[in-house]
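Reading through the structure tokens given below for one structure.
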Amino acid sequence: MRRLRLLFLFPTASILLLLFAVPLGILLVYACMTRGAYGGTMPPFTGESWLRVLDPLYLGIVGRSFLVAGISTLICVVLGFPLALFISRSGPRKNLYLSLVMLPFWTSFLVRTYAWMFLLRDTGLINTALQSLGLIREPLPLLYNWWAVILGLVYGYLPFMVLPLFSTLERLDPALMEAAGDLGARPSQSLLRVLLPLSAPGIRAGAILVFIPCLGAYLTPDLLGGGRTILIGTLIQNQFSNSRDWPFGSAISLALMALVMVMLWIQVRRKGEPLL
Amino acid sequence: MGHVLELRGLSKHFPNHVALDDLSLEISEGEFFSLLGPSGCGKTTTLRLIAGFEAPTSGEILLRGKPQAALPPHQRKVSTVFQNYALFPHLTVQQNIEFGLRYHPRPDAKESVRECIEMMRLDGKQDRKPAQLSGGEKQRVALARSLVLRPDVLLLDEPLSALDPNLRKQVRTELKALQRRVGITFIFITHDQEEALSVSDRIALLYKGRLEQLGTPRDLYLAPRTRFAAGFLGPVNWVNGFGIRPESTRLSLHAPQETGLQSIPGTVQELMFLGNCLHVETRTADGQTIVAEVAREECTYERGQAVHAFWSRHDEIRCDPS
């Protein structure tokens, strides 16, 4: 039995080891070395890159990334909750609505982000339409700002909020809401005192699934923020391309990962419930 | 005593079927009233209409004379004990019981909660979550949560069905005692005729969305108006168009001579030992089966033996052949 278990675990374990643990080990080594003139790394070993992570300039970028990821996650909760509730109550059409939520996954994220650029840019659909209706004279600055980035992140990661929320809401006994009403709570009061607390595990799972990728997002800030909005993802990418500072890029990557792991660990410890 | 609840021509039609058709009932103050029937008879629909979870297609519900149909559930002075209790899993026993008092504030609220906890024997369990309670305790929390609000009518949706069979009889006795003690009108939904017979002041038997018969347990058992009612309330032998219950049927080796008795010869087909008595199944010459309930010590019959099944004429059930 034990040997069989090892046999079945072997493929996954070896892939994880090879593609996950080994690169992380390489990053760790790189982060402790000196930058090469044309990229790459070279001896001697030093802790310099780690100290630079604490530079206020970069800490500011980290803080900004947390803020953008936090706002995006919050918007996802606000938009995702009613949608998940609606789907969980729609009986036989549930599967149709769920597949509509997942429909965007059938196209590449890159293509969808470009589509947003076509919608938002100065000569894009929205500005052109508003101008031809005579509502505005000058195009609205819809693209290349923080809100465009947040819009792109919310758009991209909303399904990751809706799906876990849906599965939590669907498992809730509908009699609980009836009982709340029966005991005298108005629908809004039932929502606050019964439905919302009971969907906390779904909100937590969704928030984790949305917040983490938003924090490290690279594509969306780069395309919709147009380089004016530096977030951690862009900062890391820069170190490996333009700035040719691999040790520093490795150090930020690992620092970000460590931060996320600490947050997850606090979540796990706080409650005895499953994380996702 | 006035009617606390009155249903007038209450109907609920769904696109493909009629769940309830023209039900009219008057329920008195302090009555233990049962809605009895097989699944799909409309009893749960009736409860949901009274509680306000669903709107009737037509008809009116009057609670102490006030029309209810337009009111949402939270404005009705009725309370429900749900089949699976629907306790709030994130709240403690105490918080579950206090839940409704926030919306119906009373100066003696604290005192009432304490009394209810004591009456329902939940002392010492106030801080537990529903998941840490036994089935019987959950039910008592559900009852306390509703009773603390002093509703005009308490609706109980199959409250015993989630309990183990051994506990059911004990709990139904407790329910009856509780109803007497608090004096609140209970409307008890059940598909179990024995439960309904044992606790109710009156029973409404529903079948296919219609009221089949209304009466005291005695009326329904002894004078059922239809074959369905007779059969639903207990086992019955149908002989030449009338019914006779097994406990009214007796057996003997020789045809009885007294007047007022009806007897039919037959052969013993099967003997079933039920613990407190035996059911002896006999078959008549024309192929009808008659079951007789026989005391343990009186049963000397064997399979294949020729016997006479007999009963007193006034025990016969005569009803519409529906």
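Since every read-out is calculated from the coordinates, none of them should be taken as a lab result. Since we're looking at a predicted model, the values are computed, not measured. No Cβ is skipped: glycine too gets one built from the backbone with ideal geometry, and neighbour counts run over all protein chains shown.
What pairs from A:94/B:43; B:77/B:129; B:138/B:169; A:94/B:129; B:12/B:176 go past 20 Å between their alpha carbons? Kindly include the intermediate steps, with their values, before the conclusion.
Working: A:94/B:43 29 Å; B:77/B:129 27 Å; B:138/B:169 17 Å; A:94/B:129 32 Å; B:12/B:176 30 Å.
Distance filter (> 20 Å) returns A:94/B:43; B:77/B:129; A:94/B:129; B:12/B:176.
Here the range B:235-315 is treated as an ellipsoid with the same Cα gyration tensor; its semi-axes, largest first and in whole Å, are 18, 14, 13.
In terms of packing, defined here as the mean over residues of other Cβ atoms within 10 angstrom, the peptides A:122-135, B:112-125, B:76-89, A:60-73 line up highest first as B:76-89, A:60-73, B:112-125, A:122-135. When peptides B:16-28, A:206-218 are sorted by average Cβ neighbour count within 10 Å, with the highest value leading, the order is A:206-218, B:16-28.
What number, in percent, do you get for the relative contact order of chain B if the mean sequence gap of Cα pairs under 8 Å and at least 6 apart is divided by its residue count?
After rounding, I find 18 percent.
With a 10 Å cut-off around each Cβ of A:185-197, the average count of Cβ atoms from other chains is 3. What percentage of all Cα-Cα pairs in chain B are separated by more than 29 Å? In whole percent, the long-distance tail amounts to 48. Each other residue within a Cβ distance under 10 Å of residue B:187 adds +1 if Lys or Arg and -1 if Asp or Glu, for a net charge of -1. Using all pairs of distinct alpha-carbon atoms, the Kirkwood hydrodynamic radius of chain A works out to 21.9 angstrom. Normalised by 2.2 N^0.38 Å, where N is the number of residues, the C-alpha radius of gyration of the range B:75-189 stands at 0.98.
Its Cα gyration tensor gives the range B:84-151 an equivalent ellipsoid, and the semi-axes of that ellipsoid, as √(5λ) in whole Å with the largest first, are 18, 12, 10. For peptide B:98-107, the mean count of partner chain Cβ atoms within 10 Å of a residue's Cβ comes to 3. Peptides A:109-116, B:29-36, A:9-16 ranked from most to least packed give B:29-36, A:109-116, A:9-16, packing being the mean of other C-beta atoms within 10 angstrom over each peptide's residues.
Considering only C-alpha atoms, what is the centroid distance from the range B:35-92 to the range A:224-264, in Å? So the separation of the two Cα centres works out to 59 Å.
Once the range A:1-137 is represented by equal point scatterers at the alpha-carbon sites, with solvent omitted, what log10 I(q)/I(0) does the Debye formula produce at q = 0.13 Å⁻¹? Values returned for q = 0.13 Å⁻¹ are -1.12.
Based on DSSP, what percent of beta bridges with both residues in the range B:3-223 are antiparallel, to the nearest 5? Don't skip to the answer; put the middle values down first.
Values: 19 of 37 bridges.
Once the DSSP bridges in the range B:3-223 are tallied, antiparallel ones form about 50 percent.
Mean sequence separation of contacting Cα pairs (under 8 Å, at least six apart), scaled by the length of the range A:46-270, corresponds to a relative contact order of 29 percent.
Peptide B:66-75 has a mean shielding of 3, counted as Cβ atoms of other protein chains within 10 Å of each residue's Cβ.
Restricting the calculation to Cα atoms, the protein assembly as shown yields a radius of gyration followed by a Dmax of 36.0, 123 Å.
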